[in-house]
Amino acid sequence: MNTVLRLLGCSFALFLTIASGSPIVPQAPVPRYFRRDPSTPATISVTQVQKDLGQLISNSSLIFGPSSDDYSEATDRWNYYSKPDIQAVVEVGQESDIAKVVKYCSENSIEFLAYSRGHGMTTTIARMTGIEINMQKLTKVTVQPGKKTAVLQSGAYADQILSTLGEIGYTAVLGANGCVGFGGLSLGGGYGRLQGQYGLVSDNIVSLNVVLADGTTVTVNDKSHSDLFWAMKGAGHNFGIVTAFEIKIYPQSSPTWHYHNYVWRQDKLEAVFKALNKLQGVGQLPAKMGASLGQISINSSISTTEPVISWTFAYDGPGKEAEKLLAGMNAILGAIVSEQGDVAYPQLLVAQETDSASASCASNPYIGASANLQVYNITTERLLYNHFNASVALEPEIGANARLYYEGFSTLGSQAIDPASSAYPHRDQYLPVYFITGVPPGKEDAATKWAHESRDLWNQGQPHRRPTTYVNFAAGDESVESIYGYEPWRLQKLRGLKAKYDPNNRFRWYNPIIQD
């Protein structure tokens, strides 16, 4: 497998949709009622927090600061290019402690940020100075009687959820990478290999326990706080901290998944993207073809100067069925690598290099930029390849780890759901793409330039569509409309709900709806 792709950009299933061709709506002014408290302290005393908060929370919780041996691990992030200024960590041992910490912070004008697994690309979290509410201890998964749903604590993540459900022959709609936490992924919508069969990750949420900005806890579902339930599914980072998720679970439809991994040289680029467009159509990738993931990158085992094209497919079923669908890919002669097999789902993540031990889950100082497509513009893809190749020659240190990354999950399940039923705005966008690289010191400006130029090329290749960005892939420099939807009613509704549930805009660190 080492000769095949290194999926360095967390198949962000932790990295969608492009809006209609109507005129761009000017950004609405920020309502006056969203104001920061002028008494917010510039620094936080860990000793004081330990004294004040320690007597309120359970003995299983820990409070510590930068001098602690536990601090580095507790604040580590998948992308550490932009990190929040964490002055104290509260590692909660019980769900009920989260509300107590939030209430304490609110009453003392202390900023706070919830931490589950530390994934995400955005630079906006670097604006936060305050307390981290670390939920990594809360990983319990409880299958409910009748095996229709399971309840996940806020720190649960894909590998661990799959292991628990797999023991009883069940599965759930999760992200593509084993290391990614369920919480942050689902609050932004959530892509994954079962999306074509059952919809987005957020479409499979049944109920939530949510801590609001004042420390109160509410049950949120289609019968209780249904307006907030709508917002939590696609824009949830802006509204509260989820302490528990009840989600739908499903019997495994097949004992094995089929994977097929390919690598081609650049002379096959036009043939590859032509075959991909034929296979995928316009949002018509077959439901059981759960993943079509690719990249253009340097593979040093093949060449240190010429990028190659790598692609991996995953099918929920036997190879005989899958290979019929992949006939067009197999017809492209001259593949450097063509590997396939039938494996259980946990081994599929290893085969596609999206497991927790893979490079795609490794922490780095990443810089990136993303776009959403409906189909691949083959002329644009050639321009992107040529630009990538020239940039590798100009900046070899950056180029060694750079990727043009292509995510394709079947969207038939998510398209079948009413677009107005949740805050997720991009159901008519099918192919998220992004540039990503780990950045050597001193190369930040060059990497950012490369990222932005790549994003611009993708968007220029669809001139009749407005730029959009999946919130979980957003870098933080995009417009609010491109992330949360150009339809005026969407932002109007979201801002109205902010006024109702978070009038002081305490949840504003992750690609915020209301910007300072």
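The values are calculated or read from the model by the stated rules, or taken from the named source; none is laboratory data. Values in this document were obtained by computation on a predicted structure and should not be read as measured data. Ideal geometry is used to build each Cβ from the backbone, glycine not excepted, and the neighbour counts take in all protein chains shown. Side chains are part of the model used for accessible areas, which takes the heavy atoms of the whole protein and leaves out ligands, DNA and RNA. Shrake-Rupley method; radii C 1.70, N 1.55, O 1.52, S 1.80 Å.
Worth a mention:
- Complete set of residues in the stretch 312-341 that are closer than 23 Å to residue 405 by Cα and open to solvent by less than 10 Å² (accessible area, probe 1.4 Å): 312, 313, 314, 316, 322, 326, 329
- The residue that is farthest from the chain's Cα centre (by Cα), among those in the stretch 192-212 that are over 16 Å from residue 229 (Cα atoms) and open to solvent by less than 20 Å² (accessible area, probe 1.4 Å), is 196.
- Summed over the stretch 76-97, residues that are in a strand (DSSP E or B) and open to solvent by less than 10 Å² (accessible area, probe 1.4 Å) total 5.
- Flag set for residue 380, criterion: outside any loop (DSSP other than H, G, I, E, B), more than 17 Å from the chain's Cα centre (by Cα) and under 28 Å from residue 460 (Cβ atoms).
- Qualifying residue in the stretch 211-220 (condition: over 30 Å from residue 110 (Cβ atoms) and either assigned to a loop (DSSP other than H, G, I, E, B) or in contact with a Gly (Cβ under 6 Å, 6 or more places away or on another chain) (or both)): no
- Sub-7 Å Cβ pairs linking a first residue in the stretch 58-78 that is closer than 17 Å to residue 361 by Cα to a second residue that is surrounded by fewer than 18 Cβ atoms within 10 Å (Cβ to Cβ), at least 6 apart or interchain, are 76/363; 77/83; 77/363; 78/363, ordered by first then second residue.
- Counting only residues that are open to solvent by 10 Å² or more (accessible area, probe 1.4 Å) and assigned to a loop (DSSP other than H, G, I, E, B), the stretch 463-507 holds 16 of them.
- Residue among 243, 219 that is surrounded by fewer than 20 Cβ atoms within 10 Å (Cβ to Cβ) and among the hydroxyl-bearing types (Ser, Thr, Tyr): 219
- Only listed residue being under 17 Å from the mean Cα position of the chain (by Cα) and either open to solvent by 50 Å² or more (accessible area, probe 1.4 Å) or modelled with pLDDT under 95 (or both), chosen from 359, 393: 359
- Taking first residues from the stretch 340-367 that are on the phi < 0 side of the Ramachandran plot and partners that are part of a helix (DSSP H, G or I) and among the charged types (D, E, K, R), the Cβ contacts under 9 Å between residues at least 6 apart in sequence or on separate chains come to 340/323; 346/159; 349/159; 355/159; 356/159; 365/444; 367/444.
- If only residues of the stretch 74-125 that are charged (D, E, K, R) and out of contact with any Phe, Trp or Tyr (no Cβ under 9 Å at 6 or more places or on another chain) are counted, the one that is farthest from residue 185 (Cα to Cα) is 107.
- The sole residue among 189, 283, 234 that is assigned to a helix (DSSP H, G or I) and either among the polar types (S, T, N, Q) or open to solvent by less than 10 Å² (accessible area, probe 1.4 Å) (or both) is 234.
- Taking the listed residues 306, 321, the one that is over 26 Å from the mean Cα position of the chain (by Cα), farther than 20 Å from residue 399 by Cα and not β-branched (Val, Ile, Thr) is 321, with no other qualifying.
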